[in-house]
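What follows is a set of notes on a single structure, which appears directly below.
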Amino acid sequence: MNGLLQERFRAQVRARPSAIALVSGAERWTYAEVAERTNRLAHALRAHGLHPGDRVGILLSKTPAAILAILACVEAGLVYVPLDPASPPARLARIVTACEPRAILSGATHARLLAETLAVPGTPAPAVLGTLESAALSAPAGTRTFAADALDAVSTAAMAPAVGPDDPAHILFTSGSTGIPKGVILTQRNVLGFLDWAVPHFGFQAGDRHSSHPPLHFDLSTFDLFGAFTSGCELHLVPADTALHAGRLVEFMARSALTQWFSVPSVFNYVMSFDALRPDMLPALRRVLWCGEVLPTPTLAYWMERLPGVRFTNLYGPTEATIASTWYDVPAVPRELHVPVPIGRACGGEAVYVLDEALAPVPSGTIGEICLAGVGLSPGYWRDPEKTAAAFPALAGAPGGRVYRTGDLGRLDADGILHYCGRRDAQIKSRGYRIELGEIEAALATLPALQESAVVAVESPGFEGHVICCAYTPRAGEAPMPAALRKELQRLLPSYMLPSRWASFPALPRNQNGKVDRPRLRQHFLAEAGR
Ligand code: AMP
């Protein structure tokens, strides 16, 4: 292993201090500027009593301040935990309670969200609050505050590494089926292992211009950030008002002369549905990568036809195995539009298995569960040995002696290429977000107007991938309207988890075992959509 993340970043700072590292709107920061501010913040965090290994929550939109916060934590050996500013206080409070950050870094934009989160009963107050945007934050009693604006006197020197490659580096919280988000612990070795394969594989060059589209609590962003900064590339933050506007998005890609685009497939679908991409609009672009869910083949064909000469790569993998575990370069514009794109072969340092329930390999061509091992494998879930043991069982012969059971179904073809065949449980992807339907049901169960409810997902022809549908039975004497239920749910869940279709039933349909008949509910919503 060739140095830690901060050491690789520093090597780029030394090699090209005045090269552009970070671009956000009109702001352009050089490598030297990013390093100076990062180090200043890292020293300030230490000066405020934070020790290597302490957790630091980061409640910021994707801005240069948020990127600095992440880099400063890495520099100071602190474990950063991105907190999704699109989540309501109740959900953020569960995450803060679970990971007990010693400090939270935030800013004026999210001051109210932060105050409401910390006011949720039982939420531990951090010892330190740092504001990375101008205005001060109101702090609970006993919490110290500092402002990054006022850090001029603090040292800008680099620090000696305080933690090793196998210590936790960050925790990413994903949807949990019981209603409590799961914290996936990731180490520097997990990230470095992926970079060691991906950087040479994709041929990153200093001066390349990379997009940064996915939110910071989603691990694809880890690749954008550290792939760019450890290779001397420019990182271009996709402006928030652009992310959901197909025309502006493509204009942004053109104006920034991006050489690499990486996002979830819903963005590709979106651009296609508005026919926003014209041939030759993006002459600088060399690589297009996607990960996180199935990219429909017609969408891929649309993009490839308009961008000849660009390399298109499907990356597959869950957060628990760090960024991506398999890759597939699409050799030519697909002609058979009903045939899904394979997810390919294991990335360097990773191992991929297709196994049965007893963790024995299934014959080639047979569908089994995709299990992963190798350098990207997370040590497990934060403070949850039971879930960790269930999801990461031992497997003799696997690198590290354990695998992660993804819950994804897959099939190896005769050439050893892996194909994705759906899920074996109630986890879905909608607009790229990983969602456990159980987390939505757990929130619905707290609404007093409902007797019972069930959530199913149906595939959507639109850009979002899956549409979330809620079937419910009102409590006697109640007649809640979907709009009111949605509003109540908004207090508990981020907007991407809110059901968009609702149906009231006198009683939910049951199968012979007395369980809610989910296939029938799916049929109901599909038929309703058809009408
Ligand atoms: P996340 O942890 O948010 O990255 O979500 C991981 C899950 O997303 C995987 O277990 C798959 O179900 C799905 N996924 C990731 N990449 C792909 C892909 N290229 N094709 C299909 N599904 C994918």
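The values are calculated or read from the model by the stated rules, or taken from the named source; none is laboratory data. The model shown is predicted, which means the values in this text are computed figures rather than measured ones. Positions of Cβ are backbone-derived with ideal geometry, glycine not excepted, and every protein chain shown enters the neighbour counts.
What pairs come up if the first residue lies in segment 4-15 and is under 12 Å from residue 161 (Cα atoms), the second is assigned to a helix (DSSP H, G or I) and polar (S, T, N, Q), and their beta carbons are under 6 Å apart, counting only those six or more places apart or on different chains?
What qualifies is 4/188; 5/188.
Restricting attention to segment 87-97, report how many residues are hydrophobic (A, V, I, L, M, F, W, C) and surrounded by 21 or more Cβ atoms within 10 Å (Cβ to Cβ).
Residues that pass the stated criteria total 3.
Suppose we filter 221, 231, 211 for residues that are within 16 Å of the ligand (Cβ to nearest atom) and among the polar types (S, T, N, Q); which single one remains?
Only one candidate passes the filter, namely 221.
Among the candidates 100, 133, 116, 75, single out the residue that is over 25 Å from residue 6 (Cβ atoms) and acidic (Asp, Glu).
Selected residue: 116, the only one of 100, 133, 116, 75 that is over 25 Å from residue 6 (Cβ atoms) and acidic (Asp, Glu).
Every residue in segment 307-318 that is surrounded by fewer than 22 Cβ atoms within 10 Å (Cβ to Cβ) and either within 10 Å of the ligand (Cβ to nearest atom) or of a type in the set (S, T, N, Q) (or both), please.
Residue satisfying the conditions is 313 alone.
If I ask for residues that are touching a Ser or Thr at 6+ places or on another chain (Cβ under 7 Å), crowded, with 23+ Cβ neighbours inside 10 Å and not hydrophobic (A, V, I, L, M, F, W, C), which ones from segment 226-262 would you list?
236, 260
Restricting the first residue to segment 27-53 and requiring it to be over 16 Å from residue 126 (Cα atoms), which pairs with a second residue that is basic (Lys, Arg) and in a loop (DSSP other than H, G, I, E, B) meet a Cβ separation below 8 Å and a spacing of at least six or different chains?
Pairs that qualify, where the first residue is over 16 Å from residue 126 (Cα atoms) and the partner is basic (Lys, Arg) and in a loop (DSSP other than H, G, I, E, B), are 31/16.
Need the failing condition index for residue 203 against (1) crowded, with 20+ Cβ neighbours inside 10 Å; (2) farther than 16 Å from residue 381 by Cα; (3) modelled with pLDDT of 95 or more; (4) of a type outside the set (Lys, Arg), just the number.
(1)
Among the candidates 462, 416, 400, which residue alone is surrounded by fewer than 18 Cβ atoms within 10 Å (Cβ to Cβ), more than 13 Å from the ligand (Cβ to nearest atom), under 26 Å from the mean Cα position of the chain (by Cα) and modelled with pLDDT of 90 or more?
Exactly one of 462, 416, 400 is surrounded by fewer than 18 Cβ atoms within 10 Å (Cβ to Cβ), more than 13 Å from the ligand (Cβ to nearest atom), under 26 Å from the mean Cα position of the chain (by Cα) and modelled with pLDDT of 90 or more, namely 400.
For segment 303-312, which residues satisfy the criterion of being farther than 21 Å from residue 248 by Cβ and assigned to a loop (DSSP other than H, G, I, E, B)?
308, 309
Does segment 147-194 hold any residues that are among the aliphatic types (A, V, I, L, M), in contact (Cβ under 8 Å) with a residue 60 or more places away in the chain and not in a strand (DSSP E or B), and which are they?
148, 151, 154, 157, 158, 159, 162, 163, 180, 191, 192
List the residue pairs whose Cβ atoms are under 8 Å apart, where the first residue sits in segment 309-335 and is among the basic types (Lys, Arg), the second is in a strand (DSSP E or B), and the two are 6 or more positions apart or on different chains.
Close Cβ pairs satisfying both conditions: 311/287; 311/288; 311/329.
If the Cβ limit is 8 Å and pairs must be 6+ apart or interchain, which residue in segment 505-531 that is closer than 24 Å to residue 479 by Cβ pairs with which residue that is part of a helix (DSSP H, G or I) and charged (D, E, K, R)?
Final answer for the pair search is 509/520.
Of the numbered conditions (1) away from the ligand (no atom under 12 Å from the Cβ); (2) surrounded by 23 or more Cβ atoms within 10 Å (Cβ to Cβ), residue 286 satisfies every one except a single condition; which is it?
Single failed check for residue 286: (2).
Select from segment 495-507 the residues that are over 30 Å from residue 89 (Cβ atoms) and of a type in the set (A, V, I, L, M, F, W, C) and write down the one among them that is surrounded by the most Cβ atoms within 10 Å (Cβ to Cβ).
Applying the filter and picking the extreme gives 505.
Does segment 493-504 include one or more residues that are under 29 Å from residue 265 (Cβ atoms), among the basic types (Lys, Arg) and in contact (Cβ under 8 Å) with a residue 24 or more places away in the chain?
Yes, segment 493-504 contains a residue that is under 29 Å from residue 265 (Cβ atoms), among the basic types (Lys, Arg) and in contact (Cβ under 8 Å) with a residue 24 or more places away in the chain.
Among the candidates 258, 300, 315, 289, single out the residue that is assigned to a loop (DSSP other than H, G, I, E, B) and hydrophobic (A, V, I, L, M, F, W, C).
It is 258.
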